[in-house]
Amino acid sequence: KKSLEYPLVATTLTEDECRKIESPALKVALQSSGMPSNYPRSMLNGPTHYLGLNANRMFTTQAIKHMRALLDHGNEDTITGKQMRAILERHKVELGTSTSLVQTT
């Protein structure tokens, strides 16, 4: 799973694309752990306090990695930080807004 997670910070896969990528690996992982391959995804992805296995979907993990990168690098005076700020500014222009897309307090 970690080998699938590592590049997600640099990807913009759709939810459908993520599902197609992770589905075969998930089936094998479930079968290897003695669980049926059709184990309910709501239980697999659900929080442990509801008896789920707390396994994030690839699409969710990708979004978390994107947000973490913004938080870690967005204010830095590095090439990555500057590119992130430029992209956010471009999105603001496209959206026609002058307010911050990522507010920090």
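The values are calculated or read from the model by the stated rules, or taken from the named source; none is laboratory data. No experiment lies behind these values; they were computed from the predicted model shown. Positions of Cβ are backbone-derived with ideal geometry, glycine not excepted, and every protein chain shown enters the neighbour counts. In case anyone asks, the SASA skips ligands and DNA or RNA and just uses the protein heavy atoms, side chains included. Shrake-Rupley method; radii C 1.70, N 1.55, O 1.52, S 1.80 Å.
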(message) Only one of K65, K82 is closer than 28 Å to D16 by Cα and basic (K, R). Can you tell me which?
(response) K65
(request) Please find, among G46, G34, the residue that is surrounded by 14 or more Cβ atoms within 10 Å (Cβ to Cβ), among the small types (G, A, S) and out of contact with any Cys (no Cβ under 6 Å at 6 or more places or on another chain). (result) G46
(message) Give all pairs with beta carbons closer than 8 Å in which a residue from the stretch 71-89 that is open to solvent by less than 90 Å² (accessible area, probe 1.4 Å) meets a residue that is β-branched (V, I, T); count only pairs at least 6 apart in sequence or on separate chains.
(response) H73/T80; G74/V102; L88/V102
(request) Among the residues of the stretch 1-37, write down those that are within 21 Å of I87 (Cβ to Cβ) and either touching a strand residue (DSSP E or B) at 6+ places or on another chain (Cβ under 7 Å) or modelled with pLDDT under 90 (or both). (result) none
(request) Please work out which residue is farthest from the chain's Cα centre (by Cα), limiting yourself to the stretch 6-57 and to residues that are of a type in the set (K, R) and part of a helix (DSSP H, G or I). (result) K27
(message) Regarding the stretch 10-24, can at least one residue be identified that is exposed (fewer than 11 other Cβ atoms within 10 Å of the Cβ) and on the phi > 0 side of the Ramachandran plot?
(response) no
(message) Among the residues in the stretch 92-101, are any of a type in the set (V, I, T), at pLDDT 90 or above and open to solvent by 60 Å² or more (accessible area, probe 1.4 Å)?
(response) yes
(request) Please work out which residue is most open to solvent (accessible area, probe 1.4 Å), limiting yourself to the stretch 49-61 and to residues that are farther than 23 Å from S3 by Cβ and in contact with a helix residue (DSSP H, G or I) (Cβ under 8 Å, 6 or more places away or on another chain). (result) L51
(request) Tell me, please, whether a residue that is part of a loop (DSSP other than H, G, I, E, B) and under 22 Å from E5 (Cβ atoms) can be found in the stretch 68-84. (result) yes
